[in-house]
Number of protein chains: 2
Amino acid sequence: MNDTFLKACRGEKTDYVPVWMMRQAGRYLPEYQKVRGNISFLSLCKTPELCVEVTLQPVTRLHMDAAILFSDILIPMEAMGAGLEFHEGRGPVFHDTIRDQAGLDRLIIPDPEATMGFVMETIRLLRRELQVPLIGFAGAPFTCATYLIEGGSSKTFWETKKMMFTQPELFHGLMEKITACTLAYLQAQAKAGAQVLQIFDSWVGILAPCDFEEFALPYVQTIIGGLQDTTLPIIYFANNGATLLDLSIRSGADVLGLDWRINIRDAIRRVGNKALQGNLDPFALMLPRDALRQRIKRMLDAATDAHGYIFNLGHGIHQFTPPDQAKCAVDAVHELSGR
Amino acid sequence: MNDTFLKACRGEKTDYVPVWMMRQAGRYLPEYQKVRGNISFLSLCKTPELCVEVTLQPVTRLHMDAAILFSDILIPMEAMGAGLEFHEGRGPVFHDTIRDQAGLDRLIIPDPEATMGFVMETIRLLRRELQVPLIGFAGAPFTCATYLIEGGSSKTFWETKKMMFTQPELFHGLMEKITACTLAYLQAQAKAGAQVLQIFDSWVGILAPCDFEEFALPYVQTIIGGLQDTTLPIIYFANNGATLLDLSIRSGADVLGLDWRINIRDAIRRVGNKALQGNLDPFALMLPRDALRQRIKRMLDAATDAHGYIFNLGHGIHQFTPPDQAKCAVDAVHELSGR
């Protein structure tokens, strides 16, 4: 069992820098495309045997030091009663947007095993196969709320902020309900065998620091506080959240994920004794190999003072990335950090 | 003549905090909609009399301390030979994307008066009318380049970064050409009577600091360096650029614009003796009036140590903002800062 990733999450010294990539099980891999060829994205998420297969693909091909459960952050929103569809090219769509008390009242706090048993089954199956640690995950409440309020992805998040600013009680009510669902969901993942839990706050970077502190952070704290009994390391990734880093320390997470917008040396100065994960621009995987290795070398050098460091991209790997470029990056991290 | 804004740009003490709002002449104003009712966006941009009318609208209605020329950052890209169209709801479209040397070679460096005389005419007309300073502007080269490379707005900027990382010489060649065009264009605006120049880097926030330093900042420096003779104050606004602030100091700008993602106190600590402009979340204009005034009070308090401070939004005002809410914010800034 390769536990380098777990050690880094706990801030312990490691023999080399462990690496995984957000969205490592995904469309850039031809073997993933092959599985997806016959099945919708949502059906794939609900078929444990196939989830296991695609979760393992990048670990096998690219020698990742961690696996991440193949699923989607919106699965629990569907379990709450929000009708979810995925449209090719457009992404997730919720037809019944939540914009008033009646909409909020319709949402339930689901029993995770009863409604999302396929996720826990995937975790149990994966643990029998894996030689590296398995990451479970969920969306952070703020990010999940934006999807329910906007009805899908958004460019401006006008409806979300309008609710925050003009109906704060309704907004907080929605956040509380999502938080209760998310906590139970992550506890179920832990019980099923997840070894690390990552909370993805993909859209929280649209908030001013004062609004992050009031409308988003408290719910992340509730979730992480509620997971203390599991003793699992928790990673909090606030995408586009460089200016939220000082506040994110208070989330209670063991590891803070960084996007690519911040120099990791600057991040280390600001977060002190938290482990860090990140932060190569995913598109930098397009660099010629020598330049890619050089950039990775600079990042590793800059990260030497981190209290635990996990190499990752600053965002999900892009679907047009040649797998060999990803492999080049993984190999460079391993070689240059002394594996 | 109200020169409070000019003084703040130069870092001088002012009797009260001057205010204007990005995109203050725009769709949220019914009087603007009325002008737009009969004419396309691009035709409006090319009709000096109408540009004058819509430029003056917010100054009159909201008592702004500065006017900004009504135009679009892509006007000079059209003058370079890139065929520009604006589609309702979709934004700007360039059919001939620039992705190779042949495409780059087709672009010309236009004579501003000959090709964009309507802009300079608008400036001359406005100077006869205005009792507040007039801001001229241009897009920063990086932002303009993204439009030419992507063919319009983009979600991921894949093509832009792919060119940066795999064809850096082509990318730099494009940046040089846009830079030459932009410098001449801003010099012409200065000559026509613009009193402050703002450089909008709307998309530069997608860059890692090391890439900003290599691919974007040098061209901003060239432009600002080339404008030294004009002695006009220059504002550089790097949208979503909180992590680029330390590098942006080197741009040579007199004023740095801030989006809403950074606490202004934190920005002051980092930029030292530059004047600052910003940084209310434009959507916070939806707050109930008491809460809006409170938030503005907190911002003004946080900004007292700035070496020159101009109140603004952290991004353009949203089209659904009630004008009375914008008025409430302007009045609050004036009253609370001692006008």
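Quick notes on this structure:
- Any hit, region A:225-234, residues being within 12 Å of another protein chain (Cβ to nearest Cβ) and surrounded by fewer than 23 Cβ atoms within 10 Å (Cβ to Cβ): no
- Selection within region B:235-264: residues that are of a type in the set (Val, Ile, Thr) and part of a helix (DSSP H, G or I). The member of this set that is farthest from the other protein chains (Cβ to nearest Cβ) is B:Ile249.
- Condition met for A:Pro58 (touching a helix residue (DSSP H, G or I) at 6+ places or on another chain (Cβ under 9 Å), modelled with pLDDT of 95 or more, farther than 30 Å from A:Phe157 by Cα and crowded, with 20+ Cβ neighbours inside 10 Å): yes
- Residue check, A:Asp305 of a type in the set (D, E, K, R) and at pLDDT 95 or above: no
- Scanning region B:153-173 for residues that are touching a strand residue (DSSP E or B) at 6+ places or on another chain (Cβ under 9 Å) and crowded, with 20+ Cβ neighbours inside 10 Å yields a total of 0.
- Here is the figure for region A:197-215: residues that are among the hydrophobic types (A, V, I, L, M, F, W, C), in contact with a strand residue (DSSP E or B) (Cβ under 7 Å, 6 or more places away or on another chain) and crowded, with 23+ Cβ neighbours inside 10 Å total 3.
- Only listed residue being crowded, with 18+ Cβ neighbours inside 10 Å and either assigned to a helix (DSSP H, G or I) or among the small types (Gly, Ala, Ser) (or both), chosen from B:Ala82, B:Ala114: B:Ala82
- Here A:His334 passes the criteria (1) within 22 Å of A:Val59 (Cβ to Cβ); (2) touching a helix residue (DSSP H, G or I) at 6+ places or on another chain (Cβ under 9 Å) except the one numbered (2).
- Among (1) away from chain B (no Cβ under 14 Å); (2) part of a loop (DSSP other than H, G, I, E, B); (3) within 30 Å of A:Gly91 (Cβ to Cβ) - the single one A:Lys327 does not satisfy: (2)
- Of all residues in region A:94-110, one or more are at pLDDT below 95 and loosely packed, with under 15 Cβ neighbours inside 10 Å.
- The residues of region A:127-148 that are over 17 Å from the mean Cα position of the chain (by Cα) and under 14 Å from A:Leu84 (Cβ atoms) amount to a single one, A:Leu148.
- Test: residue in region B:265-282 that is crowded, with 21+ Cβ neighbours inside 10 Å, in contact with a Gly (Cβ under 7 Å, 6 or more places away or on another chain), more than 14 Å from chain A (Cβ to nearest Cβ) and in a loop (DSSP other than H, G, I, E, B): no
- Residue list for region A:30-55, filter: within 20 Å of A:Phe200 (Cβ to Cβ) and buried (at least 18 other Cβ atoms within 10 Å of the Cβ): A:Tyr32, A:Leu44, A:Cys45, A:Lys46, A:Cys51, A:Val54, A:Thr55
- Residue selection: A:Leu244 fails the criterion of being under 29 Å from A:Asp324 (Cβ atoms), buried (at least 22 other Cβ atoms within 10 Å of the Cβ) and in contact with a Gly (Cβ under 9 Å, 6 or more places away or on another chain).
- Looking at A:Leu130, A:Leu125, A:Leu84, A:Leu107, just one residue is in contact with a Gly (Cβ under 9 Å, 6 or more places away or on another chain) and not basic (Lys, Arg), and that residue is A:Leu107.
- Within region B:291-304, residues that are farther than 13 Å from B:Ala329 by Cβ and within 11 Å of chain A (Cβ to nearest Cβ) reach no partner that is small (Gly, Ala, Ser) and in a helix (DSSP H, G or I) with beta carbons closer than 8 Å at six or more positions or on different chains.
- Residues that are without any contact (Cβ under 8 Å) to a residue 60 or more places away in the chain and closer than 16 Å to B:Phe142 by Cα within region B:187-205 comprise just one, B:Gly205.
The values are calculated or read from the model by the stated rules, or taken from the named source; none is laboratory data. All values reported here derive from a predicted model rather than from experimental measurement. We place every Cβ from the backbone using ideal geometry, glycine too, and count neighbours over all the protein chains shown.
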